[in-house]
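Data block below; observations after.
All of the numbers you see were taken from the coordinates with simple rules; none came from a lab. Small disclaimer: the values here were computed from a predicted structure and weren't measured. Glycine also receives a Cβ, built like all others from the backbone with ideal geometry; neighbour counts cover every protein chain displayed.
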Amino acid sequence: MTRSEILNWLQEDDSHRLRELAVAADRVRREHVGDEVYLRGLIEISNYCRCNCLYCGIRASRRIERYRLSEDEIIGCCRQAAELGYGTVVLQSGEDLGLTAGFISRVISRIRDEYGLAVTLSLGERTPAELAVWRRFGADRYLLKHETADARLFHEVHPGSSPEQRIRLLQRARELGYEIGSGVMVGIPGQTYESLADDIMLFQELDLDMIGSGPFIPHPDTPLGQVDCLAGEAPNSDLMTAKVIALSRMVCPEANIPATTALATVNPEAGRELGLCWGANVWMPDLTPERYRRLYDIYPGKADAVSIHQSHERLLASITAIGRRIGSGAGNRHRRHTDGV
Ligand code: SAH
């Protein structure tokens with residue numbers, strides 16, 4: 001797909017034409033990654049953060065109760081993941097240097113030894129040396145969204161870093177043997193359709209293994225809490241996010257693409273199903289212990305604010321209802337042999 005085709009799709013609002021995009025993405029999804037929906041248990045291990053991103057509710061300067069899970073608490077969540085048949089756990093946090101390299105290494109090796117689960121890390125920007133250690137201890141994947149390819153916009157909303165810096169770290173992670181994932185927030189105030197087209201071109205250029213995109217959700221207690229979308233800017237809607245998912249599938253046919261919690265938050269009735277029918281093949285149920293979950297307050301109204309067993313029932317019903325099935329095992333990137341042999 002060319003950049004101008006991508007841009008046209010992002011700006012398309014004819015529902016019949018958009019149906020064609022959804023059908024095409026769904027076909028590419030079926031051909032390349034099949035009907036399995038892989039489950040990744042999300043564990044929000046700390047809400048401490050050194051960053052002050054203008055969009056995020058756990059930003060450093062916000063006075064909120066902070067928590068960091070103990071090793072045993074994390075392992076307890078992993079036991080649940082294993083019992084529910086999930087193949088992967090995702091350890092996510094704010095940029096918390098209190099999560100030391102040694103602590104994360106111990107947690108990874110226990111998860112590998114005790115449950116044999118694949119481990120995805122999403123701990124923000126850590127040093128290449130730390131990533132190397134964690135890889136040696138058995139971490140499989142690293143998720144670090146570049147959020148927006150528009151360097152100026154990135155700088156405004158996420159001071160102290162840049163999309164280039166995040167992409168360099170992802171490339172380093174790939175050299176270390178990680179599967180790598182990026183993604184964007186859709187509808188950040190000031191985000192143009194052109195820059196979203198650049199984001200999707202970048203997914204393709206990086207040949208990402210995982211792509212997680214969700215709508216921007218204003219958090220009232222952050223500087224971006226009150227801003228409205230202006231004409232000419234990409235809206236933070238479920239449909240706009242579904243278009244981004246579909247185009248991500250078209251440019252990276254083999255990638256693992258989640259129907260994200262943020263998408264389910266803007267459309268609680270059908271957001272996950274929408275994502276799964278527009279190219280997604282992954283669901284990330286929240287396994288964070290209930291008493292901490294409300295403190296990982298990156299945006300308001302986070303879906304999955306129900307018990308783990310309730311959300312498991314819900315996901316089984318949804319996945320079956322759309323004619324799909326739960327994937328088993330780690331659900332690594334599906335690679336076709338492209339070496340001509
Ligand atoms: N500290 C890690 C993880 C951040 S939380 C990191 O920086 O990579 C995971 C994701 O939540 C972020 O990458 C961002 O895309 C998303 N997020 C944060 N605030 C949000 C908001 N207000 N609306 C939608 N998504 C948000």
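Can you pull a Stokes-Einstein diffusion coefficient for the chain at 25 °C (0.890 mPa s), Rh from Kirkwood over Cα pairs, as a whole number of µm²/s? Present the calculation step by step, with values, prior to reporting the outcome.
Working: Rh = 20.0 Å.
Stokes-Einstein gives a translational diffusion coefficient of 123 µm²/s.
Between A321 and V227, what is 0.36 nm times their sequence separation minus the Cα-Cα distance? Round to one decimal in nm.
30.1 nm
Considering only DSSP states other than H, G, I, E and B, which GluC sites (Glu not before Pro) in the stretch 114-167 qualify as loop sites with at most 16 other Cβ atoms within 10 Å? Please report the intermediate quantities before stating the final value.
Details: sites: E114, E125, E130, E147, E156, E164; in loops: E125.
Those satisfying the criteria are E125.
Taking Cα pairs under 8 Å and at least six residues apart, what relative contact order does the chain come out at, in percent?
On the way: 662 pairs, mean separation 80.6, N = 341.
Over the chain, the number comes to 24 percent.
Given the rule -39500 (n - 2.57) for each run of at least 4 DSSP H residues, summed and divided by the residues of the chain, what is its mean residue ellipticity at 222 nm, to the nearest 500 deg cm²/dmol? Each step should come with its number before you reach the end.
On the way: 13 runs with 144 residues, N = 341.
When only DSSP H runs of four or more count, the value is -13000 deg cm²/dmol.
How many nm is it between the label spots at E65 and R19, if each spot is 7 Å from the Cα in line with the beta carbon?
5.0
What does the extension gain come out to for R136 and R152, with contour length at 0.36 nm per residue minus their alpha carbon separation? Could you put the intermediate results ahead of the total?
Numbers: separation 16, 0.36 × 16 = 5.76 nm, distance 3.57 nm.
Using 0.36 nm per residue and subtracting the Cα-Cα distance, I get 2.2 nm.
Between R79 and R50, what length comes free when the chain is fully extended (0.36 nm per residue of separation minus the Cα-Cα distance, one decimal in nm)?
Working: separation 29, 0.36 × 29 = 10.44 nm, distance 2.97 nm.
Additional length available on full extension: 7.5 nm.
Among S161, S46, S328, what is the fewest-to-most ranking by other Cβ atoms within 10 Å? Mind dumping the intermediate values first?
Working: S161 18, S46 22, S328 12.
If I rank by nearby Cβ atoms, fewest first, I get S328, S161, S46.
Taking θ = phi - 60°, what integer Hz values does the Karplus form 6.51 cos²θ - 1.76 cosθ + 1.60 yield along the stretch 14-29, in sequence order, with x for Gly and Pro?
Once rounded to whole Hz, the list reads 7, 5, 5, 4, 5, 4, 4, 5, 4, 5, 5, 5, 5, 5, 4, 4.
Mind giving me the nanometre distance, one decimal, between the label points for H32 and R3, set 7 Å out from Cα along Cα→Cβ?
A separation of 2.1 nm, rounded to one decimal place.
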